[in-house]
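Contents: one structure, followed by commentary.
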Amino acid sequence: MQNPSIGDVIHVHACKADGTTYRSWQAVIESMTADTLVTVAPAGSAVFNPDGRVYHIEHHLRAYYWFGKFHNLIEVFEPGGNLLEIYINVASPPEWVDRVLKFKDHELDISKYPPKPAELVDEEEFAEAVLTYQYSPEFQEKLYAVARESLELAENWQAKPCPTFGDNHD
């Protein structure tokens with residue numbers, strides 16, 4: 001994308017390891033640095049699947065994308081503003097492709113519902129991805145190392161307050 005700015009609406013695509021988009025949505029850039037992009041999306045925002053199905057998210061979201069890291073983090077807020085969950089996707093670093101922010105989701109995830117401890121989830125999906133996309137043993141270990149680091153990140157994450165979206169999205 002040519003010089004995105006705070007407040008811009010962007011398209012985000014979550015892709016499988018082969019680059020095929022499996023989910024896409026729009027979000028607003030809340031903040032950015034050379035290394036990080038933070039987006040927000042209000043409850044009710046549309047999420048699109050390749051088969052044409054559309055669903056609407058039930059919660060306010062703030063997503064952190066680090067351009068040099070193999071994970072991204074989502075703060076999930078109840079419509080009333082309370083933090084519900086910290087969710088981390090073990091994924092490739094995001095990249096801009098044809099004005100779209102894309103990342104490859106490697107299926108391992110971390111979920112933390114405060115005050116409960118963070119936990120590794122979706123290992124069955126990861127096992128399927130290992131077979132489907134022929135992840136090498138070295139790549140699998142790298143992703144498990146990222147997952148272990150992400151467990152610690154989720155445990156120590158200090159969420160910002162719930163994003164505000166105006167009158168239509170309290």
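About its Cα centre, the dipole of the chain is roughly 400 debye, where the only charges are +1 on Lys and Arg Cβ and -1 on Asp and Glu Cβ. Taking Cα atoms only, the orientation of helix 123-133 departs from the longest principal axis of the chain by about 70 degrees. Quote the relative contact order of the chain in percent (integer), defining contacts as alpha-carbon pairs under 8 Å separated by 6+ residues. The normalised contact order for the chain reaches 18 percent. Note on the chain: GNM, Cα springs under 10 Å; of I57, I29, I74, the largest mean-square fluctuation is that of I57. Which residue fluctuates the most in the chain, going by a Gaussian network model with Cα springs under 10 Å, if the choices are P42, P117, P94? Ranking P42, P117, P94 by mean-square fluctuation puts P117 first.
Shown is the FRET efficiency for Q26 and E141, computed with R0 = 35 Å from the Cβ-Cβ distance and rounded to the nearest 0.05: 0.50. Per residue, the convex hull around the alpha carbon atoms of the stretch 37-124 comes to 116 Å³. Shown here is the pair-distance distribution of the stretch 122-170: with all Cα-Cα distances grouped in 10 Å bins from zero up to the longest one, the shares run 20, 31, 20, 21, 7, 0 percent.
Going down the list K16/K160; K69/K104; K69/K116; K116/K142; K116/K160, which pairs span over 21 Å between their C-alpha atoms? Checking Cα-Cα distances, K16/K160; K69/K116; K116/K142 exceed 21 Å.
The modelled label-to-label distance for the pair V9/Q134, using points 7 Å beyond Cα in the direction of Cβ, is 4.1 nm.
Here the Gaussian network model covers the chain, with springs between Cα atoms less than 10 Å apart; of K69, K116, K102, K116 fluctuates the most. One decimal place: the segment N156-V100 gains 17.1 nm when fully extended, by the rule 0.36 nm per residue minus the C-alpha distance. Along the stretch 139-146 the Karplus relation, 6.51 cos²θ - 1.76 cosθ + 1.60 evaluated at θ = phi - 60°, assigns HN-Hα couplings of 5, 4, 5, 4, 5, 5, 5, 4 Hz to successive residues, with x for each Gly and Pro.
Using a cut-off of under 15 Å, list every residue of the stretch 27-52 whose amide N is near the label point 7 Å from the Cα of E125 along the Cα-to-beta-carbon line. Output list for this probe position: 48-50.
Lys/Arg Cβ at +1, Asp/Glu Cβ at -1, dipole of the chain taken about the Cα centre: which of Y144, P161, S31 is farthest positive-ward? So the residue furthest toward the plus end is S31. Around I86, under 13 Å between beta carbons, what's the net of Lys plus Arg minus Asp minus Glu among the other residues? Within the 13 Å Cβ shell, the charges total -2.
FYI, it's all coordinate maths here, none of it is from the lab. Just so it is clear, the structure is predicted and the values come from calculations on it, not from any experiment. Please note: Cβ atoms are built from the backbone with ideal geometry, for glycine as well, and neighbour counts cover all protein chains shown.
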